[in-house]
Structures are given as structure tokens and as C-alpha cells.
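The values are calculated or read from the model by the stated rules, or taken from the named source; none is laboratory data. Treat the numbers as computed from the prediction; the structure is a model and nothing was measured. When we count neighbours, we look across all protein chains shown, and the Cβ atoms used for this are built from the backbone with ideal geometry, even at glycine. When the accessible area is computed, the model is the full protein with side chains, heavy atoms only, and any ligands, DNA or RNA have been set aside. Shrake-Rupley method; radii C 1.70, N 1.55, O 1.52, S 1.80 Å.
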Amino acid sequence: MDMIEDRASSLPRRGLVLLLILVFALFLGAKTIASYIIEYEWWKEIGQLPTWLSMLSYGFVPTAGAAVLCFVVLWIAHASGMKHGGVSLGRYPLYTKLATLALLLVGILVAAATIDSWSIVRYFGGMSLPADAAGWRDPVFNHPLRFYFFDLPFYNTLLRLFLVLSFIAGLLYWATGRAWELRSTISGWQGPVSFDIRDLRLSTAFESKFLRVMGALFLMGLAVSFYLDRYDMLFQDHGNSLVGVDYVADHVGLPLQYVAVAAAGATAILILFGRVRVLVLLVVVLVVKAIVPGLVNSFFVRPNEISMQKPYIQRHIEATRSAYGLSNRSRETDYPATLEANIDAAKYKPMLDNVRLWDWRAFHDTVTQIQALRPYYVFHDTDVDRYVIDGQVRQMLLTPRELDVRQIGDARARWINSRFIYTHGYGVVMAEANRITREGLPVMLIQDAPPKVQNASLKLTRPEIYYGEVTHEPVYVHTSQPEFDYPAGAENAHTQYAGTGGILVNSPLVKLAAAASEGDWNLLLTSYLTSDTRMMIRRNIRERLGVVAPFLHWDPDAYLVLTPEGRLVWMVDGYTTSDAHPYSRMIGLDEVGGINYMRNSVKATVDAYSGEIRLYVFDPADPVIQAYHQLFPQLLLPESAMPAVLRAHARYPELLFRTQAELYLRYHMRNPESFYNSE
């Protein structure tokens, strides 16, 4: 009876302990849970919830699948090792549970360390692409770009997992078996315990069939690795004049690579029959492969380098031009030079009328002095664009007036100011690039606040800039507190946001998640929130696009467009890049990193008022963007879907132009001898 009462009294205590553990776990994970709630609401706001769910699954599923595979293989290796050591799993239940948990953890770590989820995802995204999607094949193995961009990284990822897993499984089997054998031996010893390294029986490790199979599998994986290493020769840098397979690699390196493949395969087969000493053969082949190409290059190729490397230099030149779009984006035109020539002003009037007199830096400094209006208004950048003014295309200078809350002074320290009152920039300054007043100032077509529009061809109906290049966050709009709009003399004009941008903070759950994710508990105490209040985050346009499409590199120079309807829309160029184009010269860009392939495949728009995002594919021939379009069909729209009023402002991006111009300095030489001598 007493035992029954003790059990009954212990049940509430157990429940209390479990409840406390659950509460503690929720407390520790509260910020993570809150961030996922906010992420869900944010992706729903921009209309890309399926894209977010796809990104989560793409990042999780490959690693999770590999972790399960690793756990199964390691569990089998451990169980087989215990059996080899003369112990059954059921004999030590506590040890078995702890070992299973440890193996699961090791499996997760191995998968996380070896699996590149996006290499696997990109492979499946590129499977449906035609082989000649980019119209280029390497001249050695005759593979299309798709193979090097998607297939080869996928094979290397699987091979890495295979090699690591076979090695760890063999090591685990041997360690488990020897440990349990030694335990049985030590438990039977009498007197002082002594240990001899020979008790590990390292020399007889391959007597076990399981270890021989693991060793053979590892060596077969090594043979596959040698086979795939052939493609690495396509990316070898041989100095200033050549990247890729050269004469030595073609005539010596590749044959020796096949010998290494055969040696590793033969060794794997012989290991199955216990012939461990044949590993020496593989070692000898690897030593020869490491020494002979260098000797051939030094004593045979280098004295006759240009004549022997000429066809390989030609391959390098053409591949680099193709990789950076120089082959199809450039042409050379000869202009006959004459000392004296008459200029037909009428013929070239459109061009002469648009000769830019204002340097954008001088314009920017001038506008900052006369149009900032308040210290907290900044003109971050000035863009040069073209607009139809009075029926003619004119070159214009445009700069947005954004709000920098850091310049407000002590007032910014007040919680309500930076979150509820100072929420947005206001208006733009626009001037003609080729006109100057008598006082040496720009001829403004749009200026001041509220905006004064001086030409009937222009309209500005939505001057507020909630999303831009100079931002702070979060801000809360459509609250009971009016927002500062623009200074109006001694007073300030106020407004109330009327758009759809931001996350609705109209439920206790979202409000709690917002407070937890931002670490701002004042949000739960304020009385300014209403049922229509929205929280705006990721207001910086490059950050916003970087979250939506992290697989693209975004141009640092976004530019603002004034639409005929009077709205302000940001345009940003997106690049697909790769470091896996055979024979192509690798370059380093501060904005991107090391690459040897580049395309301006995407142009994005972000509405400055609503934050609406649209991504348009402008280079459908690019295999990289084709693969991502397969993965995210709702995210990437065709070029034809871009409104004509925005399409008219699409431009050739400066970053790509600078990159191509830098390469063209040398790669305009298509003759190998001229290229080699830098003539």
C-alpha cells in the first residue's frame, strides 16, 4: 500500500519536472521560434511564401537524408564490430542506447561537414536543361557548361560523403571490435594490469572481411576521385598567358591520371583478397604522377613554350571571352581619322543636346547644399538616367532625399521617434544633365518639399521613400501616432501610411514574436499600435533582395526611377556568377569574390513606397539562371513581364561594364602569339 502511495505522489512531481523542462526549452528557443514566425509573415507579405518554403526544404532535406544514411551505415559498422568482439547488442541495453545516440550525433556532424545542400539542389535544378544551354563545350572532354556548373559539384559532394563515411565506418568497426575484445581480455587478467601496443593487432586489421570491404570501397572511391580530378586540370593557372589544360597536362598529366585510376581500382580489388601490400603500387604511381609532369615542363616544354602552348592559349582566350560575354557583347569598329572634318550639327542634334555638362559628383554636392532642407535628410547617391521631356529623350540627373535617423541628434534616442515618427525619406531632386543657370546651379525640374514639378512631362504623386539605400528598422506605420512627412516652415507636415508594405502586427502572437525577435519589449507596452499597424523590416533594398534571392549578387549601385504614374521604383541589377568555367581566367571583385564566369541575368524592381519586389530574367540563355528558375518558378519572371515604363529605364550595369572593360584590355588580342607577348 505504501509503494502505491509513493508511486502516486511521484507522478505529479514527474509532471512538474517535465513542465519545467518544457518551459525552459521554450524560453531558450523563444527567439528562434519568434524569428520563424516573423519570417513566415514577411515572406507572406511579399507574396513569396512558396519560395521561402522551398528554400527551407532545399537547405534541410539533402543534409537530413545524408545524416540518416550516415547513421544507418555507422550503426551497422558498430553492431558488426560488437559482434566481432564477441558481444551482442542486447547484452548491454544502456550502452546500446548511449551508443545509438552518439552515432546519430556523429552521423549529423559528418553529413553537415560533407554535404553542400545547394550543390545537390542545383544539380536537380539543372537536370532538365538542354546540354547546350549556353552554347559552349570544353575542347578536351567535350562537356557542356551544365556539367561543370551542376553535375561535377554534385558528384564531388557525393564522393566526399562516400570517402569520409567508408573511412569512419571501417575505423569504427575496428575500434569497437578491438575495444570489446580487449575488455574481455583485461577482465580476465590477474594481478597488475599491463598494456602492450601489440594487443591492438594493427598488422592483422585486414583479416576481417568487413574491414577489407570498407578498404576496397574507400579505394574505389579514391579511383573515382582520381577520375574526377581530370577536370581540375581545366582550371589550373599556368601563369599570365594560360589557364586550363596545357601541353604537359594533355600529353603527360592526363595519361598518368588514368594510370592512377587503374592503380586505385586494381588495389581495391586485391584488398578484398587480403593483398594489403599492393598499396605500395598506388603510392609509387602517385609519386611518379607528382614528379614527372614538372620534369617534362622544365626540360622539354619551357624552352619551346610559345610554339607548344599555342593551341592551348587559343582555347584560353576564347573561353575567357565567352565566360564574360565578350564574344557576343562586343564588336570592333574602325573609324577613319581625319585632321579636319566638318560636323553636321543638325544630324547629331539629339546627341549634342544630351552632352552632359554636370558631373554627377559636383551635382550631388550642390544639391546637398541647397535641397537637403534638414540635417537628417541625405542624398546618398545621384543617378544618370533618360526621360522623355517635351517629347524628346533627355539625359537627367536624379537623386532621392532619404532620411538618416542618426542625424536627428538626441531626439533619435527616444524610442517613439525612430520607430513611429521618423519612418521615411521624402521626394527627389531631378535636373537636366546639360543645363546650368546663370548662377551656375542645376536647372531643376523637381525640387523642394512638398515637391515642385516644373515640367508637365513629369509627375510625382508618391514622394514617400519607405524602402531605400539609407534606412533604419524596424519602423511601425499606420499607428495612432502621425508620421513626420516633411518640414513645412516652422511646422512639420504629417502623414499616415496607406500602402500594403510591412507585416501586420494585429494579433498577440505576431506582436509577441515581433518583440522577441527584435528584443524590444516596449512593443508589448505601447498604446500606439492599432489593428492596422504594420512593422516594416528589411527596408534596405539590397538586403531585401539578398534575402529573396541569395543565389544572386546584387549591384552596389541601385538607381531610382520615376514612373509616368508618379511612383518611385528602385531598379537593381543582379548577377549570376561561377568559378567553374573551364579555361577561363579567374578574377576577384570586391562586390562578388573570385569568379571566372559572369552574367547580368536578372533585373529587380523594388517599390519605394510598398516594398513590392519583382525579379525579371533578362538573359534566359544563362544556364545558371535557368536552373534557379526551375527551382523557384514563382520568383523569377520573364523579361516580357516587366512594364514597358520600367523597361525603358533598364541599363547596362556599370559593374559588368567595368569588369568586361578590364578584361578587354588584354583579351581583345585573339592571336595567341600576340597574347603571349602582350603586344
Given all pairs of distinct Cα atoms, the stretch 518-599 yields a Kirkwood Rh in Å of 16.5 Å
Hull volume per residue for the stretch 574-679, using the convex hull of the C-alpha atoms, in Å³ is 140 Å³
Quick calc: nm separation of the 7 Å Cα→Cβ label points for Q369 and S307 -> 6.8 nm
Length gained if E591 through V68 is fully extended, taking 0.36 nm per residue and subtracting the Cα-Cα distance, is 184.5 nm
Using eta = 1.306 mPa s and T = 10 °C, Stokes-Einstein with Kirkwood Rh from Cα pairs puts D for the stretch 334-388, in µm² s⁻¹, at 106 µm²/s
Expressed in angstrom and ordered largest first, the alpha-carbon extents of the chain along the principal axes are 106, 96, 42
Quick calc, the stretch 223-334, dipole around Cα centre from Cβ unit charges on Lys, Arg (+) and Asp, Glu (-), nearest 20 debye, gives 340 debye
For W75, the accessible surface traced by a 1.4 Å probe with all protein chains present amounts, in square angstrom to the nearest 10, to 90 Å²
Straight-line reach check, K83, cutoff 25 Å on alpha carbons, 8 or more apart in-chain or any other chain, hits among lysines -> K97, K209
Quick tally, 1.4 Å probe accessible area for K97, K289, K452, sorted with the most first, runs K97, K452, K289
For E518 the rounded accessible area (nearest 10 Å², probe 1.4 Å, non-protein molecules ignored) is 80 Å²
Scalar couplings 3J(HN,Hα) for the stretch 439-447 by Karplus 6.51 cos²θ - 1.76 cosθ + 1.60 (θ = phi - 60°), nearest whole Hz, x for Gly and Pro, are 7, x, 10, x, 8, 7, 9, 9, 7
Whole-Å distance linking the alpha carbon centroid of the stretch 406-453 with that of the stretch 324-381 is 24 Å
Rounded to one decimal in nm, the spacing of the 7 Å Cα→Cβ label points at T495 and R647 is 3.0 nm
From DSSP H assignment alone, runs of 4+ in the chain each adding -39500 (n - 2.57), the sum over residues rounded to the nearest 500 puts [θ] at 222 nm at -14500 deg cm²/dmol
Diffing the stretch 362-375: the Karplus 3J(HN,Hα) column from phi (6.51, -1.76, 1.60, θ = phi - 60°), in whole Hz with x for Gly and Pro, holds 5, 4, 4, 5, 5, 5, 4, 6, 9, 10, 5, 6, 9, x
Nearest-0.05 FRET efficiency for W521 and I21 at R0 = 30 Å, using Cβ-Cβ distance, is 0.75
Computed for the chain: size of charge dipole around the Cα centre, +1 on C-beta of each Lys and Arg, -1 on C-beta of each Asp and Glu, debye to nearest 20, value 2060 debye
Here, the stretch 376-426 modelled as identical Cα point scatterers in vacuum has Debye log10 I(q)/I(0) at q = 0.21 Å⁻¹ of -0.74
Rounded to the nearest 5, the percent of antiparallel DSSP beta bridges in the chain equals 95 percent
Binned at 10 Å starting from 0, the alpha-carbon pair-distance distribution of the stretch 636-679 in whole percents comes out as 22, 28, 22, 17, 12
For L636, the residues 5 or more places away or on another chain with a placed amide H closer than 5 Å to its own amide H are none
Hydrodynamic radius by Kirkwood for the stretch 245-389, inverse mean 1/r across distinct Cα pairs, in Å, is 23.6 Å
Plugging the Cβ-Cβ distance of L53 and Q454 into 1/(1 + (r/R0)^6) at R0 = 35 Å yields, to the nearest 0.05, a FRET efficiency of 0.10
